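Read through the structure below, which is laid out as structure tokens, and then see the notes.
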Amino acid sequence: MSSLRRAIWLATGGIFLACTLVISGFGGINPLATQSSATAADLSQFNAGNIISDDVFFNGSAMSAVVVQDFLNKQVPSCTINNGQPSHAAGAPFGSTTISDVCLKDFYQSTPNMSAQPRLCNAYAGGPSERASDIIAKVGIACNISQKVLLVLLEKEQSLVSDSWPTVRQLNQATGFACYDNGQPCVQDYAGFFYQVWAAASQFQRYGNSPYTWYPVGQVTPVLYQANMPECGSKPVLIQNRATAALYYYTPYTPNAASLAAGYARGDACSAYGNRNFFQNYVDWFGSTQSSTPPLVGGWDILAGTPGGITTSGWLLDPASQTAITSVIFTIDGIRQAVLTADTANSASLAQFPSAGSNHGFTTTFSAGAGTHRICGYPQTQTGALYDWGCTYVTVPTAPLVSGSWATLTGIPGQIGTSGWLLDPASQTAITSVVFTIDGIRQAVLTADTANSASLAQFPSAGSNHGFTTTFSAGAGTHRICGYPQTQTGALYDWGCTYVTVPTAPLVSGSWETLTGIPGQIATSGWLLTPANQSAATTVIFSVDGVLQSPVTANSANTASLTNYPSAGSNHGFTTSISASAGTHRICGYPQTSTGTDYDWGCTYVTVPVTPLIAGAWATLTGSPGQINTSGWLLSPANQSATTTVIFTVDGIRQSPVTANSANTASLTNYPSAGSNHGFTTSISASAGTHRICGYPQTSTGTDYDWGCTYVTVPPAPPTIAGAWATLTGSPGQINTSGWLLSPANQSATTTVIFTVDGIRQSPVTANSANTASLTNYPSAGSNHGFTTSISASAGTHRICGYPQTSTGTDYDWGCTYVTVPVTPLIAGAWATLTGSPGQINTSGWLLSPANQSATTTVIFTVDGIRQSPVTANSANTASLTNYPSAGSNHGFTTSISASAGTHRICGYPQTSTGTDYDWGCTYVTVPVTPLIAGAWATLTGSPGQINTSGWLLSPANQSATTTVIFTVDGIRQSPVTANSANTASLTNYPSAGSNHGFTTSISASAGTHRICGYPQTSTGTDYDWGCTYVTVP
């Protein structure tokens, strides 16, 4: 035992600080550590600001008692106490202590009940003989501290996990909590293995919610390298989470480089080892100290410097709670900025978390002067722990007096057009202006106040009304244009100069856009205007094969002219048709000037197709029971208003002519003036099977055209009966069956089914109850075509057959099958619950007689062999309905049997109608000792000038009696508080006590942090102890 650990209690401001030393002076080094992992910890990965994550540290379900015991067994397979060496004998002296009689894996002790400590630990139920593994597991659950953390703490402080022959002092000072370094016993309230583990776990929770400011989460704090050598200095550490802060409050030193380089060995004179050993032991035993699921994911997407500020954006979310709102803190040049909530739209998160929604983005601009700045990002967990996105640099440019863009410059006949945007970065809402010169001549001042979103990229808060668009009159030719943005003082900036060419204005402008040939005519369209007189109507003359046609006026809607002549309006289009025979024609276009002079669009060729006698389409063809269905359209191009017909043949048999005079818009594509009443739809009677159908449109002379032939299948007629025999079961005394049934030909009619059992015909069953299965094939039939029935039958196997009935009464055949009806038991039921509470055993269940389900039944219990009064099963309990749906729900029982504290053997005997006992068997139940006081210290808050607290309290032995609690604040005893106000929390464990056992009180207190303790009072006036905690009064 060359490295036995001990712990120091440094009472500094009421905070227990535990540090790791050794009797030999070998500072906290742990050569006895057992490494169960394949690879030792890499101390280069030690992060002083995040030694362990919150969700790993504050995890009370990390290990069960069984798993803890298995771990301890593996660390010390065999204790070496009493192994024949005198120094290892139980009770042998070792310094100022003695050798224990057991090592940790075999340690037992009786443990007390511990009351709940608000915001720290839940109540602990003690026991007469609990193993160390039970204590570690139960304390971890009660205080929500990882059992892995507690095991590492026991090793860090006293080498207890790996020591095969520990001393009594090691066990009594197991976690080093409230223990002196001079050999004196620990403070009595905290001495002993249980109290050490309980106090350390509750203290970790207290530190995790600490009102102290020595190690604040989210801030850089100097942490000492050594306690007794201030000349060793300190390290600035950004404390990133509550767990790391708790470790520093408990052991307020951080390892220096020499300590980390030494592994488990010693470093130099300035080395400390407590938190190094915690990290190293944890990783060696359990792996990473960080959660495998990252508490936060996100992306820092955009970072840009703009005059006067830094703009940044990104996204952030908590994978474990994807709808929760998260936040991020930025520092600029070391100065903490306001917390930024990630709750705006940003779709980037959807790639990894599609169900999380897109409102996890953030965008902000921080004020910053011109120059280069260092910016760091720290996402925050819901507990306030900081993660680290790292740091980078961003340059904020000097704000110019004028910012903008000269975006477009074009020449069009008679003018120069230009546009852009302009603003004053120092006064972004102010209106600015620009002056242009053309060939050295100053133009009118142009105000930048029209819509232009281009400015938003650099100045998102400036709004979009900083644009300008204008045209200047200019003659044909090349011109030099210069731009001079103006400041608010009138000073001119210089955008420089460039050249733009204004083209000569044509007498006529336009476009010949479309040209097509259709039966009997040539169709053409385009647009045309006079640039010098844009509102005037213009004309174009076409010639076909050298024959001049009538002038066409360009005065119809056509927006194409707006591209070059935006102020001319859109009524400069033309569309016309010119009669022409079938064949290829040469067509030329001649726009007309205002003087009547022809311009020349040139000539081209267009082919006019031959006009067919018949046009149309055979569009649809389907088979349905008993018929063929078909549709399409048909017309005579030469006489488009005439009615046409089509004749179909089916398997070579000519059918009646079908007139094409119903609505069908398909003809309008090629014959827009023919109207839409050229459609046909018809049905032709046909037997089930595949048929050859041919279509012959008719000309006005009665001549057949040929649409060709194809095949169509007519399905068979639907069955007379449709349905399904869905379920078939046997239960005591009956056969149960269900399904659905309908007549496809008359789906609203009610149908029936007849069953035979062992050849005996049963009464018809009507299919008129709710069953949605029929909707799959018959969606319009409704869902009331189901049947459910029960048929009386004796125990044994029966042959059952189903015969659906047609409307004529004819039987269909669903076939036959076999079903077994079980023997009816005399008694059915369940012994459902069994618990012990102070002074009594509580039990419940249900019970009935299947042969007489309305009869009342009873059950008799024996406790330690003593027969109790019969309990009648006549209270509400729906569990019986599963097997006996018609029996009703009043076959439950609930009873309490008086019993002393301790473990009792209880047996249950349901009674038959003849009084014969059935046997539910026996089991054991423990009745706890009735405590003198029960309750909970529920809430504790500070508000200006007072401490506010509430909870509940009662005496289990006298539940109607009024009880009191006394609080002390900074050691000063306050007036008793009576627990007689409304609070329903007590009803969970004491339902008959009523709800008037609550207390709520306020205690005057000055601003600052106070230590408050609670002492419930017994009927004799004896104080119980709820423990102490801290509260801050603002």
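Helix content alone sets the calculated 222 nm mean residue ellipticity of the chain: runs of n ≥ 4 DSSP H residues at -39500 (n - 2.57) each, divided across all residues, give -2500 deg cm²/dmol. Of interest is the spacing of the C-alpha centroids, which for the stretch 899-918 and the stretch 279-346 amounts to 62 Å.
Annotation: aspartates and glutamates with alpha-carbon distance below 18 angstrom to LYS156 (same-chain offsets under eight excluded): ASP42, ASP181, ASP284.
The ranking of LYS138, LYS235 by Cβ neighbour count inside 10 Å, starting from the fewest, reads LYS235, LYS138.
Peptide packing for 254-261, 417-424, 902-909 was compared via the average number of neighbouring C-beta atoms within 10 Å per residue; ordered from the highest value, the list is 417-424, 254-261, 902-909. Please state the shape class of the stretch 367-449: rounded when a/c is under 1.5, otherwise prolate if a/b exceeds b/c and oblate if not, all from the C-alpha gyration tensor. Prolate, because a/c is 1.5 or more and a/b exceeds b/c. Spatial offset of the stretch 524-541 relative to the stretch 231-276 amounts to 89 Å, using the alpha carbon center of each.
Take 815-825, 97-107 and order them by the average number of nearby Cβ atoms within 10 Å per residue, most first; the result is 97-107, 815-825. Counted by Cβ distance under 13 Å from MET114, the other residues give a net charge of -2, where Lys and Arg count +1 and Asp and Glu count -1. Residues THR669, THR611 in ascending order of nearby Cβ atoms (within 10 Å, fewest first): THR669, THR611.
Most tightly packed first, judged by the mean number of other beta-carbon atoms within 10 Å of their residues, the peptides 705-718, 933-946 read 933-946, 705-718.
3J(HN,Hα) couplings calculated from phi for the stretch 1006-1020 with the Karplus curve 6.51 cos²θ - 1.76 cosθ + 1.60 (θ = phi - 60°) are, in sequence order, 6, 5, x, 9, 10, 9, 10, 10, x, 10, x, 9, 7, 5, 8 Hz; Gly and Pro show x. Pairs from the table (LYS74/LYS105; LYS105/LYS148; LYS148/LYS235) lying more than 18 angstrom apart at Cα are LYS148/LYS235. For the chain, a crude dipole built from +1 on the beta carbon of Lys and Arg and -1 on the beta carbon of Asp and Glu, taken about the Cα centre, is about 1000 debye to the nearest 20.
Relative to the current alpha-carbon distance between ARG799 and GLN549, full extension at 0.36 nm per residue lengthens the span by 80.6 nm. Segment THR487..SER981, full-extension length gain: 170.5 nm, with 0.36 nm per residue of separation and the alpha-carbon distance subtracted. Residue order for ILE860, ILE800, fewest other beta carbons within 10 angstrom first, comes to ILE860, ILE800.
In the chain, the longest principal axis of the Cα atoms and the axis of helix 274-286 are about 70 degrees apart. Spatial offset of the stretch 827-865 relative to the stretch 664-705 amounts to 81 Å, using the alpha carbon center of each. Stretching the chain fully between ALA399 and ASN83 yields a gain of 105.5 nm (0.36 nm per residue, less the alpha carbon separation).
The numbers here are math on the coordinates, done by the rules we state, and not lab data. Here the structure is a predicted model, which means the values were calculated and not measured. With ideal geometry, Cβ positions are generated from the backbone for all residues, glycine too; neighbour counts draw on all protein chains shown.
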